[in-house]
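Student: Supplied in structure tokens, the structure appears directly below.
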Amino acid sequence: MQALEQKILSEGIVLSDQVLKVDAFLNHQIDPVLMQQIGHEFAARFKDQGITKIITIEASGIAPAVMAGLELGVPVIFARKHQSLTLKNDLYKAQVHSFTKQTTSTIAISNKYLHATDKVLVIDDFLANGQAALGLIDLIHQAEAEVVGVGIVIEKSFQTGRQLLLDKGYRVESLARVESLNDGQVTFVRD
Ligand code: G4P
């Protein structure tokens, strides 16, 4: 997606050969116009799949997921990473290990919002090692719902997540595919 790649090149900051900072438009300040375009693009890629729900994870997955939900006309569920005062019982839970942060967290959603009849699109802001996406897929399986695919805003193609998800048979649509962050430069995968 060209507008997204341009934004990454103009406002992204390469922190290391592993980490891209995009606080200017995705992870802290949010660019609503770009988010709307992102939602439109996800909807175009998945529109004929009969999607009934979108699932994401707090915090940074919420903006692109809501925009996609608006375009597709379906509700958006975000998994919580922290215990909620109001969300305590009847939960689906999964463990997510972050190789980047070296932490393991429990993510949870209420079983009220996901059913066996649902066809679910997973959306997240970054795909690195795929652990967050796999955690969300685990929640969908607990509900015996169907995983339609995984939509990612920025994929770091030099890490293992994409291949892991493809090997498990999931469709992955990434709007920007970062090939390398070496030497402080962002380069994209060209098919
Ligand atoms: P994985 O789920 O693909 O295995 O990713 P990983 O554990 O490596 O990443 C954990 C967190 O770090 C996630 O956010 C993920 O979006 C983010 N992340 C990973 N690589 C990058 C990167 O290069 N740049 C930025 N900006 N973020 C990255 P999170 O902790 O869930 O944070 P948030 O959603 O609350 O912002």
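The values are calculated or read from the model by the stated rules, or taken from the named source; none is laboratory data. Just so you know, these numbers come straight off a predicted model, no measurement behind them. No Cβ is skipped: glycine too gets one built from the backbone with ideal geometry, and neighbour counts run over all protein chains shown. The area values use the complete protein model at the heavy-atom level, side chains included, leaving out ligands, DNA and RNA. Shrake-Rupley method; radii C 1.70, N 1.55, O 1.52, S 1.80 Å.
Student: Counting other Cβ atoms within 10 Å of each Cβ, which chymotrypsin sites (Phe, Trp or Tyr not before Pro) in the range 67-121 have at most 15 and sit in a DSSP loop?
Tutor: Phe99, Tyr113
Student: List nothing, just return the count: lysine pairs in the chain, 8 or more apart or interchain, with Cα separation under 14 Å.
Tutor: Number of lysine pairs found: 8.
Student: I would also like to ask the following. In the neighborhood of Leu91, defined by Cβ-to-Cβ distances under 11 Å, what is the net charge if each Lys or Arg adds +1 and each Asp or Glu adds -1?
Tutor: So the environment of Leu91 carries a net charge of +3.
Student: Using a 1.4 Å probe on the protein chains only, how many percent of the accessible area of the range 1-106 belongs to carbon and sulfur?
Tutor: That fraction is 51 percent.
Student: Then there's this: Within the range 2-177, what percent of beta bridges assigned by DSSP are antiparallel, to the nearest 5?
Tutor: About 35 percent, rounded to the nearest 5.
Student: What number comes out for accessible area per residue over the range 118-191 if the probe is 1.4 Å? Units Å², please.
Tutor: It amounts to 40 Å² per residue over the range 118-191.
Student: Please report the net charge: other residues with Cβ closer than 14 Å to the Cβ of Asn111, K and R +1, D and E -1.
Tutor: +1
Student: Here's a follow-up. With just the Cα atoms of the range 1-91, tell me how far they stretch along each of the three principal axes, in Å, largest first.
Tutor: 43, 34, 22
Student: Once all Cα-Cα distances of the range 2-177 are split into 10 Å bins that start at 0, what whole-number percent is in each one?
Tutor: For the range 2-177, the pair-distance distribution reads 10, 40, 38, 11, 1.
Student: Right, next: Report, in deg cm²/dmol and to the nearest 500, the calculated mean residue ellipticity at 222 nm for the chain, where each DSSP H run with n ≥ 4 adds -39500 (n - 2.57) and the sum is divided by the residue count.
Tutor: One gets -8500 deg cm²/dmol as the mean residue ellipticity at 222 nm.
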